[in-house]
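The values are calculated or read from the model by the stated rules, or taken from the named source; none is laboratory data. As the structure is a prediction and not an experimental result, all values here were calculated from the model. Using ideal geometry, Cβ is built from the backbone for each residue, glycine included, and neighbour counts are taken over all protein chains shown.
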Amino acid sequence: MWAKRVEVVQKFKIIIPKTKIMPMSEIIWSDTEQEIAQTAFQKAYQRETSTLIEHIKEQSGQITVLDDIWQMHDYLSARRHQIDGKYDYRYTSLIFVFAQLLKEGWLKLEDLNGLEKDKLAKIAALSRM
């Protein structure tokens with residue numbers, strides 16, 4: 001695979017710029033950015049959990065047999081696992097978390113206003129993948 005890529009690069013004389021990409025673990029969050037991130041994180045969590053609560057309220061009114069309860073239990077267990085795994089507030093993974101939340105619609109790009117342009121660009125780009 002690499003040999004083919006090298007051939008293409010050599011054939012068309014493509015110049016690939018050498019840029020240093022900062023690992024996510026080295027991204028620095030200023031105090032202001034930390035506050036913005038915390039607020040955005042909480043907004044997304046509130047939006048998602050409020051939507052879940054409304055959905056459960058609607059569904060619980062349709063329970064007619066015991067099997068419906070077990071299905072709701074299974075659904076809630078799966079959603080709890082998803083939500084608990086998704087909302088990871090470690091700064092090393094926050095760019096990815098925000099990108100996922102943006103992609104899923106729980107977060108809006110405006111919620112992140114005030115973050116460095118590089119961070120916003122990374123989040124926006126990752127959310128489109």
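The residue that is modelled with the lowest pLDDT, counting only those in the stretch 79-129 that are part of a loop (DSSP other than H, G, I, E, B) and farther than 24 Å from Asp31 by Cβ, is Met129.
State yes or no: is Tyr87 among the hydroxyl-bearing types (Ser, Thr, Tyr), more than 14 Å from Ala44 (Cβ to Cβ) and surrounded by 14 or more Cβ atoms within 10 Å (Cβ to Cβ)?
On the way: among the hydroxyl-bearing types (Ser, Thr, Tyr): yes; more than 14 Å from Ala44 (Cβ to Cβ): no; surrounded by 14 or more Cβ atoms within 10 Å (Cβ to Cβ): yes.
So Tyr87 does not fit the description; no.
For the stretch 67-112, the set of residues classified as more than 12 Å from Ile123 (Cα to Cα) and among the small types (Gly, Ala, Ser) consists of Ser77, Ala78, Gly85, Gly105, listed by residue number.
Residues in the stretch 51-68 that are within 31 Å of the chain's Cα centre (by Cα) and loosely packed, with under 12 Cβ neighbours inside 10 Å: Ile53, Glu54, Lys57, Glu58, Ser60. Picking from residues in the stretch 12-47 that are within 18 Å of Lys122 (Cα to Cα) and modelled with pLDDT under 85, the one that is nearest to the chain's Cα centre (by Cα) is Met24.
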